[in-house]
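Have a look at the structure below, then the notes.
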Amino acid sequence: MAEVTLYLRGGTVVTPEGTRRLDVAVGDGTVVALAESIDPPTGALVLDARGCLIGPGLVDLHTHLRQPGREEAETVESGARAAALGGYTAVLAMPNTEPAIDSAGVARDVLALGRTAPAEVAVAGAITVGRAGRALAPLGELAELGVRIFTDDGAGVQDGALMRRALDYAKGIGVTLAQHCEDENLAAGGAMHEGGWSSRLGLPGIPAAAEESMVARDIQLVRLTGAPVHFLHLSTAGSVELVRLAKAEGLPVTAEAAPHHMLLTHAEVEGYDPVFKVNPPLRAETDVAAVIAGLCDGTIDAVATDHAPHAPEAKDVPFDQAPPGMLGLQTALPLAWQVLSPTLRPERIFALMSAQPAAIAGLTLSDARRAGHSAHGGPVEVGAAANLCVFDPLASTVVEVARLASRSRNTPFAGRTFTGAVRHTILRGEPVVIDAVAQR
Ligand code: DOR
């Protein structure tokens with residue numbers, strides 16, 4: 001047995017089957033013992049976990065790290081620190097950087113920066129060169145580096161024939177395409193959800209149909225090609241229903257939803273504050289209810305943050321001119337807990353935020369090593385990689401802008417209080433967050 005270097009005392013372990021009061025001993029990057037009470041050896045760091053749930057470290061399928069190209073908004077390091085403070089041990093970096101992650105060279109650079117970061121950084125590659133939607137990126141070359149997910153996120157692949165070709169190719173090499181579903185012609189010029197509030201505020205709208213038509217098209221393409229598709233940030237009731245029907249048919253589709261689409265509606269735009277501008281936009285109450293229902297009934301597989309930092313000078317412009325996006329990593333778990341815990345048991349919430357996204361991203365034990373990553377998503381058991389999130393469901397999180405690790409400040413939740421707080425985060429056996437304070 002490896003020497004125990006870290007000991008979590010007094011917590012309740014979240015397993016796929018339920019919760020159990022257990023102490024956790026960690027050594028050499030792995031969980032070495034789970035027992036009701038173990039004597040921690042002298043020299044081991046003992047962390048108090050009383051009143052806390054000890055679950056697998058969270059995995060975010062949708063993180064914008066902005067490096068290379070927009071380091072004033074975020075870096076791999078600052079984004080990974082925000083992730084760690086949010087209970088995440090792994091993030092999937094989106095490829096809409098400058099330049100885009102559409103070549104092995106850029107992917108290698110981001111992966112190298114991630115190696116010393118306080119969270120594991122996996123990368124998603126672009127589907128098309130420069131995310132321009134015209135020619136396929138070298139998916140095979142990127143897949144050889146261990147890239148499992150490809151997306152032009154920030155934009156959807158508009159050309160159905162090109163998407164079909166990409167799916168055929170992706171299926172051949174065993175990777176998954178993730179789609180940002182938005183018909184650019186239907187969405188053109190839109191700044192918020194098209195509905196009562198856009199009329200009242202005089203802002204151009206993005207109809208739900210802009211998202212739903214691409215979800216419907218891609219489901220047809222999954223049927224045609226047999227290749228899997230992951231649907232990013234679903235925001236409308238119609239999209240959730242389309243995915244529900246596709247799953248009932250047995251098609252290989254997965255989906256995610258962002259915390260802000262579980263809590264906020266288009267009414268937030270009333271004060272024209274650009275912090276509420278996001279793409280897809282905040283929708284109607286019926287859409288929010290459908291997203292939550294989709295998470296609760298298994299239609300939506302993952303909560304994914306769409307953490308999208310924008311520097312203050314970029315965001316502090318009139319609503320219609322502001323770039324879309326909001327921070328998410330440091331607030332996602334308390335927010336999801338507040339929305340989902342009245343309906344879902346802790347193990348289901350951890351499944352939505354850890355095991356299921358890890359499986360989609362290729363970060364579970366079977367896939368992770370191939371890409372040179374540690375395994376994430378649990379289960380928390382002896383022999384597993386010690387990637388852990390220690391969460392106190394009864395403590396409070398007050399969202400203080402000064403305590404955000406991100407280089408940006410664009411959180412819509414500033415000043416709000418949520419029930420539940422991340423206390424410690426353990427990455428490969430090392431505490432990267434202790435008592436809500438980042439250790440590096
Ligand atoms: O709100 C968003 N921000 N949606 C996207 O699709 C892109 C993202 C970003 O990169 O800022």
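Things worth noting here:
- Scanning the range 296-320 for residues that are in a helix (DSSP H, G or I) and either within 14 Å of the ligand (Cβ to nearest atom) or over 29 Å from residue 199 (Cβ atoms) (or both) returns 296, 312, 313, 314, 315, 319.
- Check on residue 89, surrounded by 22 or more Cβ atoms within 10 Å (Cβ to Cβ), within 15 Å of the ligand (Cβ to nearest atom), at pLDDT 95 or above and of a type outside the set (A, V, I, L, M, F, W, C): no
- Within this structure, residue 336 fails the test of being within 15 Å of the ligand (Cβ to nearest atom) and in contact (Cβ under 8 Å) with a residue 60 or more places away in the chain.
- Taking strands (runs of 3 or more DSSP E) as the structural unit, those lying wholly within the range 1-88 and holding at least 1 residues that are basic (Lys, Arg) and in contact with a strand residue (DSSP E or B) (Cβ under 6 Å, 6 or more places away or on another chain) correspond to 6-9, 18-21.
- Near pairs, Cβ below 7 angstrom, 6+ apart or cross-chain, from the range 145-173 (over 24 Å from residue 326 (Cα atoms)) to any residue that is modelled with pLDDT under 95 and assigned to a loop (DSSP other than H, G, I, E, B): 146/372
- Filter result for the condition that a residue is open to solvent by 20 Å² or more (accessible area, probe 1.4 Å) and either of a type outside the set (Phe, Trp, Tyr) or within 30 Å of residue 276 (Cα to Cα) (or both), over 408, 366: 366
- Filter result for residue 254 (among the β-branched types (Val, Ile, Thr) and either open to solvent by 30 Å² or more (accessible area, probe 1.4 Å) or within 16 Å of the ligand (Cβ to nearest atom) (or both)): yes
- Residue among 70, 81 that is surrounded by 24 or more Cβ atoms within 10 Å (Cβ to Cβ) and of a type outside the set (Ser, Thr, Tyr): 81
- Test: residue 25 is among the hydrophobic types (A, V, I, L, M, F, W, C), within 22 Å of residue 438 (Cβ to Cβ) and surrounded by 24 or more Cβ atoms within 10 Å (Cβ to Cβ): no
- Every pair of residues 6+ apart whose Cβ atoms lie under 8 Å, when the first sits in the range 81-97 and is farther than 16 Å from residue 310 by Cα and of a type in the set (Phe, Trp, Tyr) while the second is assigned to a loop (DSSP other than H, G, I, E, B) and away from the ligand (no atom under 16 Å from the Cβ): 88/57; 88/119
- Conditions (1) within 16 Å of the ligand (Cβ to nearest atom); (2) closer than 23 Å to residue 181 by Cβ; (3) outside any loop (DSSP other than H, G, I, E, B); (4) over 14 Å from the mean Cα position of the chain (by Cα); number of the one not met by residue 100: (3)
- Subset of the range 232-251 that is in contact (Cβ under 8 Å) with a residue 40 or more places away in the chain and of a type in the set (A, V, I, L, M, F, W, C) - its residue that is most open to solvent (accessible area, probe 1.4 Å): 237
Condition check ((1) touching a helix residue (DSSP H, G or I) at 6+ places or on another chain (Cβ under 6 Å); (2) part of a loop (DSSP other than H, G, I, E, B)) across all residues:
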residue	(1), (2)
121	yes, no
153	no, yes
167	yes, no
172	no, no
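- Residue in the range 214-224 that is more than 26 Å from residue 357 (Cβ to Cβ), modelled with pLDDT of 95 or more, surrounded by fewer than 20 Cβ atoms within 10 Å (Cβ to Cβ) and over 20 Å from the mean Cα position of the chain (by Cα) present: yes
- Tally of residues being over 15 Å from residue 394 (Cα atoms) and in a loop (DSSP other than H, G, I, E, B) across the range 332-344: 2
- Residue selected from the range 123-171 under the condition among the basic types (Lys, Arg) and more than 16 Å from the ligand (Cβ to nearest atom), by the criterion nearest to residue 359 (Cα to Cα): 148
- From the options 229, 275, residue that is buried (at least 21 other Cβ atoms within 10 Å of the Cβ) and away from the ligand (no atom under 14 Å from the Cβ): 229
- Considering the range 118-135, and only residues there that are among the small types (Gly, Ala, Ser) and in contact with a strand residue (DSSP E or B) (Cβ under 9 Å, 6 or more places away or on another chain), the residue that is most open to solvent (accessible area, probe 1.4 Å) turns out to be 135.
- Here is the figure for the range 334-345: residues that are touching a Leu at 6+ places or on another chain (Cβ under 9 Å) and open to solvent by less than 30 Å² (accessible area, probe 1.4 Å) total 5.
The values are calculated or read from the model by the stated rules, or taken from the named source; none is laboratory data. If you're wondering where the values come from, they're calculated on a predicted model, not measured in any experiment. For neighbour counting, all protein chains shown are included, and Cβ atoms are generated from backbone atoms with ideal geometry for every residue, glycine included. Note: accessible area is taken over every heavy atom of the protein model, side chains too, but ligands, DNA and RNA are not part of it. Shrake-Rupley method; radii C 1.70, N 1.55, O 1.52, S 1.80 Å.
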